1. F58 passes all but one of (1) of a type in the set (F, W, Y); (2) touching a Gly at 6+ places or on another chain (Cβ under 6 Å); (3) surrounded by 19 or more Cβ atoms within 10 Å (Cβ to Cβ); which number fails?
2. For region 60-69, indicate whether the set of residues that are out of contact with any Asp or Glu (no Cβ under 7 Å at 6 or more places or on another chain) and in contact (Cβ under 8 Å) with a residue 40 or more places away in the chain is non-empty.
3. Return the residues of region 10-30 that are of a type in the set (S, T, Y) and not in a helix (DSSP H, G or I); say none if nothing qualifies.
4. Please work out if I190 is under 22 Å from A72 (Cβ atoms) and either of a type in the set (A, V, I, L, M, F, W, C) or at pLDDT below 90 (or both).
5. Out of the residues in region 173-185 meeting the condition of being in contact with a Phe, Trp or Tyr (Cβ under 8 Å, 6 or more places away or on another chain) and surrounded by 14 or more Cβ atoms within 10 Å (Cβ to Cβ), tell me which one is modelled with the lowest pLDDT.
6. Looking at region 119-126, can you tell me whether even one residue there is closer than 30 Å to A19 by Cβ and in contact with a helix residue (DSSP H, G or I) (Cβ under 7 Å, 6 or more places away or on another chain)?
7. Identify, please: which residue in region 186-236 is polar (S, T, N, Q) and part of a strand (DSSP E or B) and is, among those, least open to solvent (accessible area, probe 1.4 Å)?
Amino acid sequence: MLRIGICDDVRDARTLLRALLERVLEGRALPYSTFEFSSGEGVLRWLQSHPGELDLVFLDIEMSGMNGMETARCLRQSDAGLQLVFVTGYAEYVYDGYSVGALGYLLKPCKREQLEGILDRALGTLHRDAEQAFVCRSGETVYRIPRKDILYFYSDRRLVHCVTAEKTFTFYGKLDEVEATLGDNAFVRIHQRYLVHAAAVEQVDGSEARVNGQALPVSRACRNDALLALTRAMLK
């Protein structure tokens, strides 16, 4: 599912871009959803309560209030993996997008060929970035969490909690399945219920591992393997 945001303070412009996106994406049989925002402030507020729920955002540069460039800087701070595309009627704004890592730009009125090229690049980048992120689903919501931001996972009955410094994401699943999905030595099992990011471990003391100031249990069954894995991680 490709989740796309369209941010423009002109309703007709949003409608035209959405219609063009629908024609292109339906032709590719690619599942997608679109969300419309009439201001930069609006998309930022929405993402505060829906973190990680957009993959690609089309931003009009010349918006009233917070313009597209200011909005892009705020979006980039909160989600480094979010794909940004500027939409503008003025070619002189194009090069400003490189300062915020924009994927590209569309000149108004948007042409189908331009949009298809942008979508090709976006899908390629998202596929590549998926290897550097952990993706989980809670109901209809899909979260894309950068692996480098994850501190640890812990399970509670049928729920798994993914803990970062900023937020905890909760989804149905099993810790064994999470460990298999991650598939590398960056995450270490320290307990039947805990899987930690080795790089986030500050110290191991007896039956506890300290992560971001929190004491997590280290089980006797996992202790030797955990210490070896954590030592390997620290030596890298």
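1. All conditions are met except number (2).
2. no
3. Passing the criteria: none in range.
4. No.
5. Applying the filter and picking the extreme gives L182.
6. Yes, there is a match, as at least one residue in region 119-126 is closer than 30 Å to A19 by Cβ and in contact with a helix residue (DSSP H, G or I) (Cβ under 7 Å, 6 or more places away or on another chain).
7. Q214
The values are calculated or read from the model by the stated rules, or taken from the named source; none is laboratory data. Just so it is clear, the structure is predicted and the values come from calculations on it, not from any experiment. Note that we place each Cβ from the backbone using ideal geometry, even for glycine, and neighbour counts take in every protein chain shown. Ligands, DNA and RNA are excluded from the accessible area calculation, which covers all protein heavy atoms including side chains. Shrake-Rupley method; radii C 1.70, N 1.55, O 1.52, S 1.80 Å.
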